[in-house]
2 protein chains.
Amino acid sequence: MPDEEPTSIWMLPERQERSGPGRRPGYSREQVTRTAVQIADAEGVEAATMRRIACELGTGAMSLYRYVPKRDDLFDLMIDMVMGEIELPDGTSGDWRADLSLVAHQIRAAGLRHSWLIALLTSRPTLGPQLLRVHEFALSALDRRGLDIDDITGFVGMLSDYVHGAIRREIGWLEEARRTGLDPERWKRDYIGPYVRQVVESGAHPLFNRSLLESRTAHLPPAERFQYGLDRVLNGIGAHITSDISR
Amino acid sequence: MPDEEPTSIWMLPERQERSGPGRRPGYSREQVTRTAVQIADAEGVEAATMRRIACELGTGAMSLYRYVPKRDDLFDLMIDMVMGEIELPDGTSGDWRADLSLVAHQIRAAGLRHSWLIALLTSRPTLGPQLLRVHEFALSALDRRGLDIDDITGFVGMLSDYVHGAIRREIGWLEEARRTGLDPERWKRDYIGPYVRQVVESGAHPLFNRSLLESRTAHLPPAERFQYGLDRVLNGIGAHITSDISR
DNA sequence: CTCTGTTTGCGTACATCGTACCTGAATGGC
DNA sequence: GCCATTCAGGTACGATGTACGCAAACAGAG
């Protein structure tokens, strides 16, 4: 029956190990996904091709299609595997600020460990079980605080937007240098450097210049810069919480 | 001299129209970019291949490389052309809230007109002249309000993150349906629908369920929903402005 | 054990992509 | 009119996702 009707990867169960006579599957969906994640970590997501993953597993490219319907579905699986690395307590603590900070820092850590994560996560809507788990934790951190569900959803979205944007700003240029093949040093000096210098020296963008030259947080450790922006987002949320002694 | 050393597209001038004897260029960088934008608008950015663009212009694929070094550079040019559509007054009005709202709504409009814009814009750091113009306007809207440059940059980044995220949420599912080739109706009913229903019925994510089922803004016109979140972001900024009667 | 039906492993093949290279035509200066 | 120069565009290469089909492996029936 080759006419698999197209359905979400999360609805499509993996081939059972013992469904009847025939060869036993030599690999698993989870194993394929883990290999793809490892390759993407080491060489970028564009290196995680079907052939390369299969080669790493010691098999042929087409074998992977026994475990994953399409390459895009594999991306969803990779995202969800990495979201599974995010460790959260069983329930919220009651301190919404601490809970949301925890989620934010955990996602940042995952995004730094896997530099392809944010690009994939924001390139397409995906709703894997692990992502849902993290999302639900963030939502419940703001529950029972006098906010209606639309505000809760909106604030979590706002936080999410900030985290994704901040991580992108943190690794964006580095990733771009790697993607073009140049080493970051040379890329910065010979490729983007001259242009930025020209823009600065033109004097046409005074505030942009100040944000480059006069910034103090720009030379802060990235983690502190992240926290700096995160605090502003959390303050924005706190301003809408009536009993806002942050707990 | 074919050893063009790699440099930013913004530093690489277009071939002069009259540099010496030889044929006159039949096209222009701007013309190639506009064609690419039109194709991407109509059929998605993945349809704007070098061959397709050239075909549309009535020429061969390789001819385009006389105007654009690489395909990625063409993406930067497309982004900047669309950012050029954003109309802003010559200077800020003095009402920072109105100015930032204007930028946000203009970017949203551009993102809806060109459904590929946000995906490209957030997939790689780019700094074209038109993007710089818009960025500078947003920065200067918050200038002279008692904020230091780090706060100004941070708030504009926060706003930018929200706008990108909100647009993605607005067109994300629609785009995904188009990308997979199914019509949105069928995609929603047969593809993602059953999974979401299963998630909801499992009852494992009560707040996620409420955000789907009890939301009032979810059934609001998209423009109002955008404004709803935008107001929250602007409130967050306003809370940090000392003389905050919004002007 | 032998046979048979089922399921997986995987090689082959195809369409499509970006783009390196090369040939030939067009064109302005002498 | 000749020539150096420059662009148009065909051909070609390597890489991609993946449709297709065949051979191998294995469980159960006889």
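The values are calculated or read from the model by the stated rules, or taken from the named source; none is laboratory data. None of these values were measured; they are calculated from a predicted model. When we count neighbours, we look across all protein chains shown, and the Cβ atoms used for this are built from the backbone with ideal geometry, even at glycine. The area values use the complete protein model at the heavy-atom level, side chains included, leaving out ligands, DNA and RNA. Shrake-Rupley method; radii C 1.70, N 1.55, O 1.52, S 1.80 Å.
Please name all residue pairs, on different chains or six or more residues apart, with Cβ atoms under 9 Å, provided the first residue is in the stretch A:214-243 and is under 21 Å from A:LEU102 (Cα atoms) and the second residue is aromatic (Phe, Trp, Tyr) and open to solvent by 60 Å² or more (accessible area, probe 1.4 Å). Every condition considered, the pairs that remain are A:LEU220/A:TYR228.
The residue list B:ASP151, B:ASP231, B:ASP190, B:ASP161 contains one member that is in contact with an Asp or Glu (Cβ under 6 Å, 6 or more places away or on another chain) and either in a helix (DSSP H, G or I) or closer than 30 Å to A:ARG216 by Cβ (or both), which is B:ASP161.
Residue count for the stretch B:118-143 satisfying the condition of being in contact (Cβ under 8 Å) with a residue 40 or more places away in the chain, among the aliphatic types (A, V, I, L, M) and either in contact with a Leu (Cβ under 8 Å, 6 or more places away or on another chain) or assigned to a helix (DSSP H, G or I) (or both): 8. Among the residues of the stretch A:119-142, is any closer than 19 Å to A:GLN31 by Cα and hydrophobic (A, V, I, L, M, F, W, C)? No, the conditions are met nowhere in the stretch A:119-142. Can you confirm whether B:ARG186 is open to solvent by 70 Å² or more (accessible area, probe 1.4 Å), touching a helix residue (DSSP H, G or I) at 6+ places or on another chain (Cβ under 9 Å) and closer than 15 Å to A:THR126 by Cα? So B:ARG186 does not fit the description; no.
Out of B:SER115, B:SER160, one residue alone is more than 24 Å from A:GLU224 (Cα to Cα), open to solvent by 10 Å² or more (accessible area, probe 1.4 Å) and among the polar types (S, T, N, Q). It is B:SER115. Taking each residue of the stretch B:39-62 that is open to solvent by 40 Å² or more (accessible area, probe 1.4 Å) and looking for partners that are within 7 Å of DNA strand C (Cβ to nearest atom) with beta-carbon atoms closer than 6 Å, six or more apart or interchain, yields B:ARG51/B:ALA61. Suppose we filter the stretch B:37-95 for residues that are within 16 Å of DNA strand C (Cβ to nearest atom) and among the acidic types (Asp, Glu); how many remain? Within the stretch B:37-95, residues that are within 16 Å of DNA strand C (Cβ to nearest atom) and among the acidic types (Asp, Glu) number 6.
Every test in (1) at pLDDT 90 or above; (2) in contact with a helix residue (DSSP H, G or I) (Cβ under 8 Å, 6 or more places away or on another chain) is passed by A:ALA42 save one, and that test is (2).
When the stretch A:138-152 is filtered for residues that are open to solvent by 20 Å² or more (accessible area, probe 1.4 Å) and either among the aromatic types (Phe, Trp, Tyr) or at pLDDT 95 or above (or both), only A:SER140 remains.
Residues in the stretch B:192-209 that are open to solvent by 70 Å² or more (accessible area, probe 1.4 Å) and at the interface with chain A (Cβ under 9 Å from one of its Cβ atoms) were compared, and the one that is modelled with the lowest pLDDT is B:GLN198.
If you go through the stretch A:64-98 one residue at a time, how many are buried (at least 21 other Cβ atoms within 10 Å of the Cβ) and part of a helix (DSSP H, G or I)? Looking only at that region, the number is 10. Screening A:LEU77 with (1) closer than 22 Å to A:ARG178 by Cβ; (2) more than 10 Å from DNA strand D (Cβ to nearest atom) gives one miss only, at (1). Going by what's in this entry, would A:GLY84 be described as at pLDDT below 90 and farther than 23 Å from B:THR122 by Cβ? Against the criterion (at pLDDT below 90 and farther than 23 Å from B:THR122 by Cβ), A:GLY84 does not qualify.
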